[in-house]
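Here is the structure we will look at.
The values are calculated or read from the model by the stated rules, or taken from the named source; none is laboratory data. Here the structure is a predicted model, which is why all the values come from computation and not from measurement. All Cβ positions, even for glycine, are placed from backbone atoms using ideal geometry, and neighbour counts span all protein chains on display. Please note that ligands, DNA and RNA were not included when accessible areas were found on the heavy atoms of the full protein model with its side chains. Shrake-Rupley method; radii C 1.70, N 1.55, O 1.52, S 1.80 Å.
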Amino acid sequence: MSNEVIIQTNELTKFYGKSRGIENLTLEISKGEIFGLLGPNGAGKTTTIRVLLDLIRKTSGEAKIFNLDVHLDSVAIRQRLAYLPGELGLFQEKSARRNIEYLLGLYQNHIPNRRVEELAEVFGLELDRKVKELSKGNKQKIGIILALAPEVELLILDEPTSGLDPLITAEFYNILHKQQEVTGSTVLLSSHLLSEVEKVAHRVGIIREGTIVEVATIQQLKHMAMKEIKVEFESAKSLKEFSNKLPGEKIEKVILNDTHASFLVSREELPKILNLLSEAEIVDTDITSPALEDIFLKYYQISTSQKHEFKKKREVES
Amino acid sequence: MRQFTISVKEYFLAKKYILLILGGIIGLLSYFIIYMVEDMNLDAVQDIIEAWPPEMVEFFGDTEIFSNPYGFWSLEILAFMWLYAGIYIVYMASGLLSQEIEEKTIDLTLSKPITRYNFLGSKITFLYIFITATMGICFLITMGGMSFSSIFKEEGLFFDRLWLTYIIVVLFLGVLAMFAKLFSTIFLATRKSMALGVVVLFLMFFLGEFYIYMDEAVQGVKYISVFFYFNPAEYLVHSDFPLFIRDLIVLGSVNAGLIIASLLIFKRKDIPI
């Protein structure tokens, strides 16, 4: 990764009439980075991508790719990128090959057919069948070939593995990873599945209600996560005694039954809890990090004011 | 320019059979009319027409047009070209852009290094190529038919007039297509654009052809109809060159205006998801 910024948005806002698409979205993606844009449906991922591609026009703010304005220099930008839309539309009456030839033919430079054949072989796609005869997964493979065949500096992938089986999904990420390592291209990958993004992304941006609420590496996200401690006490009395000693407002506790309890603890509070546990009468204990998916979901449960407080705190810390 | 050519070629390949079928069918219909004229007593037709009310005669042109083989052919074929070819062309023009939006193929195409002018311009160019080629097939069949027809040979083979008429027919159908294209760029929806395109077509037909039945004070509305500037029988029968030039300028300008408006509107449009 280099310090050169490939995608830059500043206070980017898009309203569809009165309804919000994205609002004050600020983002920077560096050269060679795989950036995951995460958020549920309607969060603003696709709107962000469509503004970047000049398919829709911003209401206010600034958006640049390769330090060029996404609207004024859109053709020059699009010559250097490939895009896989979330809802892939292909020419149904044409064969997969004809679709690919036509769409890749719109690039100013020639894209070798050999590359298309190679990718089709890897993904097991029959190029000469009509698109309308293909399954959803096979149609998606055409989109993937269209994105991976040209050697471009930036790949924008909107829900790229939708409809693909796990094996092909794994193969796709494998090829993406290899290609990215060889070419040093930048990748903007949008998804609502953190489990997919975490395998390849260097950083993720979590988008909520049209605004980026967090940008962090996967490790940072994991670090920010609460630990879950499951404890089996000797008796109900020891559970009660332990429970009374806990700093209530900082720890979320769930009493499962008379002797079993579960606690969600921040990293800062973890040593204190372990100390208390060492003094308690316990039979067994288990400390786990929650799945990244749970962390992601947590961002969608906190209120907007909490979000701003959280961001401020993170800024002070950094 | 390369992208432009690729796009035009792509649309052309997709519609090549329809083009041949449409041009061929209208051409054969035209051939049938030529064949029919061969056995007709046009002087007797003129006698019948002279018995009609003057407004009705004016509606068709004049009595001389009926008694002339070119005039009769023009009334049967060219005067109804809006019906034979126009409605299909309006349908095609309304869907050429909006179908790409409805089927979401536009996202992939416009994410490639192609300008919006280029994208829409290639569709418009294709429409004109389609109209030119369809009418070309029809006129070639017609000219072939006239070359073998004794009545047309007797009248004289005015192929120069026919070519001038051909230009006007292309421009006339072009206007109908460009109205639908304009609606398509405004609404980005096939059904709405198609409906409006057909409504405008019939409205203009009504205003351009039936104005003589209206009150004299409002007869001026005929000038807003493209049908008023489409007078193939006059060019063919009377060789009315000044009228041809007027119609050429008006239809050409309306085409140009509609193309520019479509391009400018599309340039500013958000592509809906």
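Annotations
- Residue selected from the stretch A:29-64 under the condition in a strand (DSSP E or B) and β-branched (Val, Ile, Thr), by the criterion nearest to the chain's Cα centre (by Cα): A:ILE34
- When the stretch B:241-273 is limited to residues that are within 14 Å of another protein chain (Cβ to nearest Cβ) and assigned to a helix (DSSP H, G or I), the one that is nearest to A:LYS14 (Cα to Cα) turns out to be B:ARG268.
- Of all positions in the stretch B:94-115, at least one carries a residue that is of a type outside the set (A, V, I, L, M), farther than 27 Å from A:ILE77 by Cα and within 14 Å of chain A (Cβ to nearest Cβ).
- Taking the conditions (1) more than 28 Å from B:LEU171 (Cβ to Cβ); (2) hydrophobic (A, V, I, L, M, F, W, C); (3) surrounded by fewer than 17 Cβ atoms within 10 Å (Cβ to Cβ); (4) within 14 Å of chain A (Cβ to nearest Cβ) in turn, B:MET40 satisfies each one other than (4).
- Residue in the stretch B:69-86 that is open to solvent by 20 Å² or more (accessible area, probe 1.4 Å), farther than 30 Å from B:ASN41 by Cα and among the aromatic types (Phe, Trp, Tyr) present: no
- Scanning the stretch A:236-253 for residues that are open to solvent by 40 Å² or more (accessible area, probe 1.4 Å) and modelled with pLDDT of 80 or more turns up A:ALA236, A:LYS237, A:LYS240, A:GLU241, A:ASN244, A:LYS245.
- Filtered by the rule that a residue be farther than 19 Å from A:VAL200 by Cβ and away from every other protein chain (no Cβ under 13 Å), the stretch A:131-161 gives A:GLU133, A:LEU134, A:SER135, A:LYS136, A:GLY137, A:ASN138.
So that you can scan it fast, the table gives a plain yes or no per residue for (1) surrounded by fewer than 20 Cβ atoms within 10 Å (Cβ to Cβ); (2) at pLDDT below 90; (3) not hydrophobic (A, V, I, L, M, F, W, C):
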residue: A:PRO166; (1), (2), (3): yes, yes, yes
residue: A:ALA170; (1), (2), (3): yes, yes, no
residue: A:TYR173; (1), (2), (3): yes, yes, yes
residue: A:GLN179; (1), (2), (3): yes, yes, yes
residue: A:VAL182; (1), (2), (3): yes, yes, no
residue: A:SER185; (1), (2), (3): no, no, yes
residue: A:LEU193; (1), (2), (3): yes, yes, no
residue: A:LYS199; (1), (2), (3): yes, yes, yes
residue: A:VAL204; (1), (2), (3): no, no, no
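- Single residue of the stretch A:254-270 satisfying the filter (at pLDDT below 85 and over 30 Å from the mean Cα position of the chain (by Cα)) that is surrounded by the most Cβ atoms within 10 Å (Cβ to Cβ): A:ILE255
- B:VAL198 vs. criteria within 21 Å of the chain's Cα centre (by Cα), under 26 Å from B:ILE106 (Cβ atoms) and surrounded by 16 or more Cβ atoms within 10 Å (Cβ to Cβ): yes
- Odd one out for A:TYR107, checked against (1) of a type outside the set (Lys, Arg); (2) assigned to a loop (DSSP other than H, G, I, E, B); (3) farther than 22 Å from B:SER111 by Cα: (3)
- For B:MET143, the conditions (1) buried (at least 16 other Cβ atoms within 10 Å of the Cβ); (2) touching a residue at least 40 places away in the same chain (Cβ under 8 Å); (3) more than 22 Å from B:SER7 (Cβ to Cβ) all hold with the exception of (2).
- Selection of first residues in the stretch B:203-229 that are over 19 Å from B:PRO54 (Cα atoms) and of second residues that are not in a helix (DSSP H, G or I), restricted to Cβ pairs under 9 Å at least 6 apart or on distinct chains, gives the following pairs, ordered by first then second residue: B:LEU203/B:SER225; B:MET204/B:SER225; B:PHE205/B:SER225; B:VAL221/B:MET214.
- Checked against the criterion of being surrounded by fewer than 24 Cβ atoms within 10 Å (Cβ to Cβ), among the charged types (D, E, K, R) and under 21 Å from B:PHE4 (Cβ atoms), the candidates A:ARG98, A:ARG57 yield just one match: A:ARG98.
- If you go through the stretch B:116-129 and keep only what is within 11 Å of chain A (Cβ to nearest Cβ) and of a type in the set (Gly, Ala, Ser), you end up with just B:SER122.
- Filter result (under 30 Å from B:ILE106 (Cα atoms), open to solvent by less than 60 Å² (accessible area, probe 1.4 Å) and either outside any helix (DSSP H, G or I) or hydrophobic (A, V, I, L, M, F, W, C) (or both)) within the stretch B:19-37: B:LEU19, B:LEU22
- Condition met for B:GLU50 (surrounded by fewer than 22 Cβ atoms within 10 Å (Cβ to Cβ) and either in contact (Cβ under 8 Å) with a residue 40 or more places away in the chain or hydrophobic (A, V, I, L, M, F, W, C) (or both)): no
- Test: B:LEU264 is out of contact with any His (no Cβ under 7 Å at 6 or more places or on another chain), surrounded by 18 or more Cβ atoms within 10 Å (Cβ to Cβ) and modelled with pLDDT of 90 or more: no
- Assessment of the stretch A:65-74 against the conditions (assigned to a helix (DSSP H, G or I) and not assigned by TED's automatic domain parsing to the domain that holds A:HIS192) yields no matching residue.
- Residue pairs whose Cβ atoms lie under 8 Å apart, sitting 6 or more positions apart in sequence or on different chains, and linking a residue in the stretch B:14-35 that is within 14 Å of chain A (Cβ to nearest Cβ) to a partner that is part of a helix (DSSP H, G or I) and surrounded by 17 or more Cβ atoms within 10 Å (Cβ to Cβ), are B:LYS15/B:MET92; B:LYS15/B:PHE126; B:LYS15/B:PHE130.
- Test: B:SER7 is within 14 Å of another protein chain (Cβ to nearest Cβ), among the hydroxyl-bearing types (Ser, Thr, Tyr) and part of a helix (DSSP H, G or I): yes
- Of all residues in the stretch A:78-86, at least one satisfies being facing chain B (nearest Cβ under 8 Å) and over 11 Å from B:LYS112 (Cα atoms).
- Residue under evaluation B:GLY208, criteria (1) open to solvent by less than 30 Å² (accessible area, probe 1.4 Å); (2) at pLDDT 95 or above, criterion not met: (2)
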